[in-house]
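Written below as structure tokens is the structure these notes are about.
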Amino acid sequence: MVRRAAWMRMALSPQYRTRPRRAVAVPPRPGGAPRGAAYTGNVKEVHPLLSDFPVVTTIPLLWGDEDAFGHVNNLVYLRWCETSRVEYLQRAGLWTDLPPAGAGPILASVKCDYKAQLKYPDTVQVGTRVSKIGNTSFRMEHCIVSRNAHAVAALVESTLVLFDYGLRKPVPIPAETRRIIGELEGRVSGNARTEAAAV
């Protein structure tokens, strides 16, 4: 606790505040598909680095997100992506009742490229989009942006499988689900972009 208090004093003092970092380029939407519009929670501008993501979730950093090294622990980044992934699945009608009984998504793999350390206090915005749909699986891309640094903190890819929890096996992704995802990914609402705020 004494060490954490010292880190807090350092993080809040002007000489130790995070300096703005050079922005990391966000990979373009595959195939040049039209930009989608993020859904509205409380209305705020979405960071320009996330202008190509249809769902953007805002998450404030917690003091407890930092670890003994004095920065946000690596696992927290994945938790933020999980929050944004669930938001996307709910918007796309893919979320299932809990405990799951019929068909629903299940995480098969996740890969994270860390670009910057983050420190409390800060707020991140997590952009989420579907980049590829296969027969029984689809790939999601997440981009985590620090509002303080105005830069990408991490790029994450995850693969989800449509899984029948009763039969205990993957099932094909229905045409209706593909259509809904296509509409979500391609929907445009002028030039104004808003966000879905995490509770």
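The values are calculated or read from the model by the stated rules, or taken from the named source; none is laboratory data. Since we're looking at a predicted model, the values are computed, not measured. Here the Cβ positions follow ideal geometry from the backbone for every residue, glycine too, while neighbour counts run over all protein chains shown. These accessible areas exclude ligands, DNA and RNA; they are computed on the full protein's heavy atoms, side chains included. Shrake-Rupley method; radii C 1.70, N 1.55, O 1.52, S 1.80 Å.
Does the stretch 35-45 include one or more residues that are modelled with pLDDT of 95 or more, crowded, with 18+ Cβ neighbours inside 10 Å and not hydrophobic (A, V, I, L, M, F, W, C)? Scanning the stretch 35-45, I find no residue that is modelled with pLDDT of 95 or more, crowded, with 18+ Cβ neighbours inside 10 Å and not hydrophobic (A, V, I, L, M, F, W, C), so the answer is no. Taking the numbered list (1) out of contact with any Gly (no Cβ under 8 Å at 6 or more places or on another chain); (2) open to solvent by less than 70 Å² (accessible area, probe 1.4 Å) in turn, Lys132 passes all entries but (2). Looking for something β-branched (Val, Ile, Thr) and in contact with an Asp or Glu (Cβ under 7 Å, 6 or more places away or on another chain) - is there at least one such residue anywhere in the stretch 67-84? Yes, that holds for at least one residue. Considered as a group, the residues in the stretch 128-180 that are among the charged types (D, E, K, R) and without any contact (Cβ under 8 Å) to a residue 60 or more places away in the chain include one that is farthest from Ala101 (Cα to Cα), and that residue is Glu157.
Would you confirm, using the coordinates I've provided, whether Ala149 is of a type in the set (Gly, Ala, Ser) and touching a helix residue (DSSP H, G or I) at 6+ places or on another chain (Cβ under 8 Å)? First the steps, then the outcome.
Details: of a type in the set (Gly, Ala, Ser): yes; touching a helix residue (DSSP H, G or I) at 6+ places or on another chain (Cβ under 8 Å): no.
Spelling it out, it is not the case that Ala149 is of a type in the set (Gly, Ala, Ser) and touching a helix residue (DSSP H, G or I) at 6+ places or on another chain (Cβ under 8 Å).
Can you pull out the strands (runs of 3 or more DSSP E) entirely within the stretch 75-148 that have at least 2 residues that are at pLDDT below 95, under 17 Å from Pro174 (Cβ atoms) and of a type outside the set (Phe, Trp, Tyr)?
On the way: elements: 103-114, 123-133, 137-146.
Hits in the stretch 75-148: 103-114.
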